[in-house]
Amino acid sequence: KPNIRLVSCICCRALVALQAQGNGCALICVWLQLFSSVSSVEIGESVRGEDVYIVQSGCGEINDNLMELLIMINACKIASASRVTAVIPCFPYARQDKKDKGFFDIPVDNLYAEPAVLKWIKENIPEWKNCTIVSPDAGGAKRVTSIADRLNVDFALIHKERKKANEVDRMVLVGDVKDRVAILVDDMADTCGTICHAADKLVSAGATKVYAILTHGIFSGPAISRINNACFEAVVVTNTIPQEDKMKQCPKIQVIDISMILAEAIRRTHNGESVSYLFSHVPL
């Protein structure tokens, strides 16, 4: 049977090292040279007949990172790998408020951070049984109701009206957060204008504490200064995007490690097991 071979692109080396520990397999050493006119890849060991997983996140210089991933895939194919799977912790060009840019003609598994989020809430918020899970927009209602149901707590949502992209006109809270801990949950935070406005709205509605849990922390532009000035107890993100530099600038940012979710998804894919079972049945 082919062995699992993990390959890390440049921006994901710390995350992939954790996955390698979780799978008990070694990382393949890859030399990637980027020049102004050409890029080249040298794979440090044979991948002939092997099951290769290449990890690359859509962060930083997105176009460069996407090209780096494609070059790596091509190199593994040329080196006669049995199967090549791209593991993309943060999928680029996939903003929720945009129409789909296309479709896949290959199998795709969508991975969820929900098990890790539930674990973090129970371990880090002492008053979690008296909390309300809040969506900062109507589009995230399904996400927050799922988390609220699994915690057996209430949920609320904030209806927002936008004049234009990244600029919120007004917000209306639907639900009760008075004398409760409010936990904002969203899929990503970019400039953080929405979640900071939402935090102010929750405090004015009587919330005792406000947390934000966000799957992808992009934190562009004024995001860090906005979080530093906002009333959050903590802003929690996963390590789908490296956060070391941002954490130095903002002590409120905390990180959930999702490497074990990716490692287990890789193991299940390799063995032909159900990946969806991981999110519906397996507690982390």
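The values are calculated or read from the model by the stated rules, or taken from the named source; none is laboratory data. Please read all numbers here as calculations on a predicted model, not as lab measurements. In this analysis, Cβ positions are derived from the backbone assuming ideal geometry, glycine residues included, and neighbour counts consider all displayed protein chains. Calculation scope for accessible area: heavy atoms of the full protein, side chains included, ligands and nucleic acids excluded. Shrake-Rupley method; radii C 1.70, N 1.55, O 1.52, S 1.80 Å.
Odds and ends about this structure:
- Set Ile224, Ile266: member being assigned to a helix (DSSP H, G or I), out of contact with any Leu (no Cβ under 6 Å at 6 or more places or on another chain), within 25 Å of Ile10 (Cα to Cα) and at pLDDT 95 or above: Ile224
- Residue pairs whose Cβ atoms lie under 6 Å apart, sitting 6 or more positions apart in sequence or on different chains, and linking a residue in segment 2-20 that is part of a strand (DSSP E or B) to a partner that is among the charged types (D, E, K, R), are Ile4/Asp51; Arg5/Glu50.
- Output for segment 175-208, where each listed residue is open to solvent by less than 60 Å² (accessible area, probe 1.4 Å), under 17 Å from Trp128 (Cα atoms) and not small (Gly, Ala, Ser): Val177, Arg180, Val181, Ile183, Leu184, Val185, Leu202
- Residue check: Leu157 meets all listed conditions (1) surrounded by fewer than 16 Cβ atoms within 10 Å (Cβ to Cβ); (2) without any contact (Cβ under 8 Å) to a residue 24 or more places away in the chain but one, namely (1).
- Checked against the criteria, Tyr211 counts as surrounded by 14 or more Cβ atoms within 10 Å (Cβ to Cβ), out of contact with any Pro (no Cβ under 6 Å at 6 or more places or on another chain) and among the aromatic types (Phe, Trp, Tyr).
- Evaluation of Gln33 against the conditions (1) at pLDDT below 85; (2) touching a helix residue (DSSP H, G or I) at 6+ places or on another chain (Cβ under 9 Å) shows that the sole unmet condition is (2).
- Residue identified as touching a strand residue (DSSP E or B) at 6+ places or on another chain (Cβ under 6 Å), at pLDDT below 90 and under 21 Å from Phe219 (Cα atoms) among Cys90, Cys12, Cys59, Cys25: Cys12
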